[in-house]
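Down below is the structure, laid out as structure tokens.
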Number of protein chains: 2
Amino acid sequence: MEIDIQKKVLEANETQADKNRSFFKEQNVFVLNMMSSPGSGKTQLLCKSLNKLMPNVRVGVIVGDICTRNDADRLEITGAKAIQINTDQFGGDCHLSANLILASAKELGCFDLDLVIVENIGNLVCPAEFDIGEDVKAVVLSVTEGEDKPLKYPLMFRVADVAILNKIDLLPYLDFDAKLVVDNMQQVHPHLPVFELSAKTGEGLEPWLEWLKIKVFEKTGK
Amino acid sequence: MEIDIQKKVLEANETQADKNRSFFKEQNVFVLNMMSSPGSGKTQLLCKSLNKLMPNVRVGVIVGDICTRNDADRLEITGAKAIQINTDQFGGDCHLSANLILASAKELGCFDLDLVIVENIGNLVCPAEFDIGEDVKAVVLSVTEGEDKPLKYPLMFRVADVAILNKIDLLPYLDFDAKLVVDNMQQVHPHLPVFELSAKTGEGLEPWLEWLKIKVFEKTGK
């Protein structure tokens, strides 16, 4: 029974995601969906990325959490407009769904933007199942989480278009094999591009941002 | 619609959880449900705990993952019997439900045990909603995950009977305020017991194990 219900919920979401995709195309805006476990450093990565991308790239952010608007407050310090979605009013949902994204994108005013970044709820499982009409899905994994996560949570790495291995500044203090985690990611998703970086120190940030800017240009011409 | 469906699924789970609780009482076995984000160090904590608890406390483990039996293999090195549940055959479920636990507990043979530890799927959201008939829920948070997680994922900390702050060996290399995270946990759940430890170095392990042994004794007299 539970699986049938899930299927219906996912189908309804897919229909809305297709509508979102048409809307984003009309607005000529690129949408990046950033997903990860709680505490992998998504918000810090976004803050550092926004500081480097703006004002040349006009970016707005939609950020999902069950509770608090901590992340929107942190992101707005960069000067970007940020819309906080709290899912506690929708039963404490563990993912962002396509209908929530469309309403927030309209509130964000995406006709003035080149890039909308969605920071999804910290969860390595459920957000992978919910298409939001994005152009690119990124998964962030931190080096503190262990090398086996791509094998244990394969759907997330299979649907991702790009992976970011964050917190490489901590490598000297961990028993963590960065080559092994990249091999595991690419075992699940052959040729997945992986950027190794530290949002904290800024090391490795540029190649990731170059990759992203090329993707935005390819879609929007901007 | 989605919220109504969730409610029905949760009600069915609650009924099964009550049956599990009766079963565990008949068997005179204590059940601990251990939950956290992916990569917080649950498996390492369990391996170290099992090494110290056994053979005086007879422990069996049920471990949930979407894919792989990596964790069961790691846990069995301690000599404990470990049953691996993979939810990819149930639609890639993001939590362990009560019906899966009963079947696994029977397979584990819990009449011979004092303590069954369930290592839940790495997810700070959904497992908090699914009672499995356990005696105690523990949440593990690692110091790399940020101080705000109890405020952003309040249900998990509200339902937990005990919290473990893991990876304190990394504190010198992080901007992390351990006092603030404990305050945040206890803001969500007043008087929540919190054990600060490093499963890797063993620091702080004893007070946590003493607490657990007392709980097991209180229920089972063993």
The lone exception for residue A:208 - which of (1) surrounded by fewer than 18 Cβ atoms within 10 Å (Cβ to Cβ); (2) within 30 Å of residue A:54 (Cα to Cα) it fails: (1)
Residues being charged (D, E, K, R), at the interface with chain B (Cβ under 9 Å from one of its Cβ atoms) and either surrounded by fewer than 24 Cβ atoms within 10 Å (Cβ to Cβ) or in contact with a strand residue (DSSP E or B) (Cβ under 7 Å, 6 or more places away or on another chain) (or both) - total across segment A:84-124: 1
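Provide a single number: the residues in segment B:141-159 that are out of contact with any Lys or Arg (no Cβ under 7 Å at 6 or more places or on another chain) and not in a helix (DSSP H, G or I). Break it down stepwise before answering.
Kept after step one, since they are out of contact with any Lys or Arg (no Cβ under 7 Å at 6 or more places or on another chain), are these residues of segment B:141-159: B:145-158.
Right, trim to not in a helix (DSSP H, G or I) and you get B:146-148, B:153.
Count: 4.
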Matching residues, segment A:106-135, being within 21 Å of residue A:52 (Cα to Cα) and assigned to a helix (DSSP H, G or I): A:108, A:110, A:112
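Please work out which residue is farthest from residue A:177 (Cα to Cα), limiting yourself to segment A:86-143 and to residues that are of a type in the set (Ser, Thr, Tyr) and out of contact with any Ser or Thr (no Cβ under 7 Å at 6 or more places or on another chain).
Filtering segment A:86-143 for residues of a type in the set (Ser, Thr, Tyr) gives A:87, A:97, A:104, A:142.
Remaining after also requiring out of contact with any Ser or Thr (no Cβ under 7 Å at 6 or more places or on another chain): A:87, A:97, A:104.
Working: A:87: 36, A:97: 34, A:104: 39 Å.
Going through the qualifying residues, I end up with A:104.
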Residue in segment A:179-189 that is part of a loop (DSSP other than H, G, I, E, B) and modelled with pLDDT of 95 or more present: yes
Residues of segment B:9-25 classified as within 14 Å of another protein chain (Cβ to nearest Cβ) and hydrophobic (A, V, I, L, M, F, W, C), total: 3
Failed condition for residue A:138, given (1) out of contact with any Pro (no Cβ under 8 Å at 6 or more places or on another chain); (2) among the aliphatic types (A, V, I, L, M); (3) assigned to a loop (DSSP other than H, G, I, E, B): (3)
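Taking strands (runs of 3 or more DSSP E) that do not extend beyond segment B:1-89, which have at least 3 residues that are within 15 Å of the chain's Cα centre (by Cα) and in contact (Cβ under 8 Å) with a residue 40 or more places away in the chain?
Values: elements: B:30-36, B:59-65, B:81-86.
Those strands (runs of 3 or more DSSP E) span B:30-36, B:59-65.
Residue-wise test of (1) within 19 Å of residue B:38 (Cβ to Cβ); (2) within 9 Å of another protein chain (Cβ to nearest Cβ); (3) over 16 Å from the mean Cα position of the chain (by Cα).
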{"residue": "B:126", "(1), (2), (3)": "yes, yes, no"}
{"residue": "B:136", "(1), (2), (3)": "no, no, no"}
{"residue": "B:139", "(1), (2), (3)": "yes, no, no"}
{"residue": "B:142", "(1), (2), (3)": "yes, yes, no"}
{"residue": "B:151", "(1), (2), (3)": "no, yes, yes"}
{"residue": "B:166", "(1), (2), (3)": "yes, no, no"}
Residue B:175 vs. criteria touching a residue at least 24 places away in the same chain (Cβ under 8 Å) and over 26 Å from residue A:154 (Cα atoms): no
Per-region count, segment B:90-105, residues part of a loop (DSSP other than H, G, I, E, B) and out of contact with any Phe, Trp or Tyr (no Cβ under 8 Å at 6 or more places or on another chain): 4
Within segment A:153-164, tally of residues that are more than 12 Å from chain B (Cβ to nearest Cβ) and either of a type in the set (Gly, Ala, Ser) or under 23 Å from residue B:35 (Cα atoms) (or both): 2
Failed condition for residue B:187, given (1) within 28 Å of residue A:141 (Cβ to Cβ); (2) touching a residue at least 12 places away in the same chain (Cβ under 8 Å); (3) within 12 Å of chain A (Cβ to nearest Cβ): (1)
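Each row is one residue, and each column tells you yes or no for (1) within 14 Å of chain B (Cβ to nearest Cβ); (2) among the acidic types (Asp, Glu); (3) in contact with a Leu (Cβ under 6 Å, 6 or more places away or on another chain).
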{"position": "A:4", "(1), (2), (3)": "yes, yes, no"}
{"position": "A:7", "(1), (2), (3)": "yes, no, no"}
{"position": "A:27", "(1), (2), (3)": "no, no, no"}
{"position": "A:32", "(1), (2), (3)": "no, no, no"}
{"position": "A:35", "(1), (2), (3)": "yes, no, no"}
{"position": "A:43", "(1), (2), (3)": "yes, no, no"}
Checking residue B:75 against (1) buried (at least 19 other Cβ atoms within 10 Å of the Cβ); (2) within 17 Å of residue B:208 (Cβ to Cβ); (3) more than 12 Å from every other protein chain (Cβ to nearest Cβ), the condition it does not meet: (2)
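The values are calculated or read from the model by the stated rules, or taken from the named source; none is laboratory data. In this text the structure is predicted, and so the values were computed from the model without any measurement. Positions of Cβ are generated from backbone atoms using ideal geometry, with glycine treated the same way; all protein chains shown enter the neighbour counts.
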